[in-house]
Amino acid sequence: MSATLEPGLAFSNWGRCESAEPAFAAAPASVREVQQVVVSARERGLRVKPLGAGHSFSGIGMTDGVRVDLTAMSGLLRVRGTRATLGAGTFLWQLPALLAPHGLALQNMGDIDRQTISGAIATGTHGTGGGFGGLATRVSGLTLVTADGTVLSLTREDDPALLAVAAVGLGALGIVVEVEVDCVPAFLLRGVERQEALGTVLDGFGERVASADHFEFYWFPHTRVALTKTNTRLPLSHGREPLGRVRTWFDDDLMANSLFAGTVSLGRRLPALVPTINRISARMTGHRQHVDHSYRVFAVERRVRFREMEYAVPVEEVPQALRELDALIERRRWNISFPVEVRAAAADNLVLSTASGRATGYIAVHRYYREDPGEYFTAVEAIMRAHGGRPHWGKMHARDAESLREAYPRFDEFVAVRDRLDPHRVFANEYLDRVIGA
Ligand SMILES: Cc1cc2nc3c(=O)[nH]c(=O)nc-3n(C[C@H](O)[C@H](O)[C@H](O)COP(=O)(O)OP(=O)(O)OC[C@H]3O[C@@H](n4cnc5c(N)ncnc54)[C@H](O)[C@@H]3O)c2cc1C
């Protein structure tokens, strides 16, 4: 493939909640070819959208114009100290092999590694850890092709203000062709997973987030149990204490995927059983501890397809917001089979990061992809909004530009940069029209 515009093929996202029929597709293999794609699309009045791994639940990656596949522009391009420059189409799962020879790793990760580096930073993808930010906070340089075909290179040293706008760029400012990520020396994590009383975890949430490197928990609705995960950073010299093959298969394959798929589908057929199934599932997920490479502890495999909404609230609001969510589910007598995931991140200075300017807690709700999440997500969104919530840009939500402007004090800084870099909205789509304006 090349810069040529070929006929497009229909596609949908991982969660099967968004789909599109782009008129054209292109797969450029160089910055020059990306420029050619942008210029020829603009001349024909077409809109342009690069696609990462399609793992966003929102319509952020959809287009009726030109879908740009950047798979041919992936890999490790340069390493300077701890800074690694990656081709925009590089998948996170490729990073351990690329970075290991340089003794480097990502500082923090979310719970999967299927995304591309560009897709992940564009939507503000994050993991957990009160002292750590999302992936975009580690971006120290970015090269984009903007709407007029210009190549714009930004560095943390020379263009800190513009980089703070472009790092979580929502795909609205141009096509990212290179990302420089400030990595850290490779490290191990001790992962400790336990069942704890939900009330105790909520009461101590702020303190747990502050005292652990990476704390998170899952709560199965209809139960009083939190499954906590506490990850502690260790040097490589500590040595690995990995889980045995059988234990890994039992926990990560059977329990987290195969058996979970069975219980979710049983719950769909017999919804009244969901509370009992959840109680049994929570009880069966036992205590475990292991020490392994950071990327093996951070990321897991997700084979049960779902849809997700995630809200960022001030970290101190998490206990109350979760209690209200619990009360809502019981009051409405919903049977919710998927656990709620609760995480945290440090405040950062990126303009549209969900953690911009405030220490943040994240509350994520899920539904099986064949179930309509509508009523549940709408009601959860109302609770999170009342707590000053900001929705994840890559997950389902119903907010519009007017309401998001209230949630982000620097919203108009982003809009001004977009007006300058993409005045004719070459990179727009329906989702961006709704969340930042047409
Ligand atoms: C199973 C699952 C688990 C997840 N876990 C987490 C998690 O732990 N934490 C979290 O925060 N999120 C999580 N997410 C959400 C996910 O990280 C984000 O939606 C992320 O954006 C997906 O990356 P992607 O490569 O699939 O990007 P896509 O969804 O394909 O694209 C996202 C946006 O990035 C833009 N984009 C892609 N490449 C470029 C480029 N080169 N230049 C400019 N714009 C570009 C696209 O146009 C689009 O607007 C999860 C999603 C799934 C399905």
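Separation of segment 82-150 and segment 317-382, taken as the distance between their Cα centroids, equals 25 angstrom. Angle of helix 260-269 to the longest C-alpha principal axis of the chain, folded into 0 to 90 degrees and rounded to 10: 80°.
Among the GluC sites (Glu not before Pro) in segment 154-218, those placed in a DSSP loop whose Cβ has at most 13 other Cβ atoms within 10 Å are Glu157. Loop-located trypsin sites (Lys or Arg not before Pro) in segment 308-358 (DSSP state other than H, G, I, E, B) with a sparse environment of at most 16 neighbouring Cβ atoms within 10 Å: Arg333. For segment 292-438, the fraction of alpha-carbon pairs lying more than 28 Å apart is 27 percent, rounded to a whole number. In vacuo Debye scattering of segment 188-398, one point per C-alpha: log10 I(q)/I(0) at q = 0.08, 0.18 Å⁻¹? With one equal scatterer per Cα and no solvent, log10 I(q)/I(0) is -0.28, -1.45.
Coordinate range of the alpha-carbon atoms in segment 6-69 per principal axis, descending: 33, 22, 17 Å. Once both labels are positioned 7 Å from their Cα atoms along Cα-to-Cβ, the gap between Glu301 and Arg156 label points is 3.4 nm.
All C-alpha pair distances within the chain, sorted into 10 Å bins from zero, spread as 4, 22, 32, 26, 13, 3, 0 percent across the bins. Residues Asp348, Asp69, ranked from the fewest to the most other C-beta atoms within 10 Å, line up as Asp69, Asp348.
Here the convex hull built on the C-alpha positions of segment 76-185 has a volume of 98 cubic angstrom per residue.
Quick note: the coordinates plus some simple rules give every number you see, no bench work behind them. Just so it is clear, the model here is predicted, and its values are computed rather than measured. Reconstructed Cβ throughout: ideal geometry from the backbone, glycine too, with neighbour counts over all protein chains shown.
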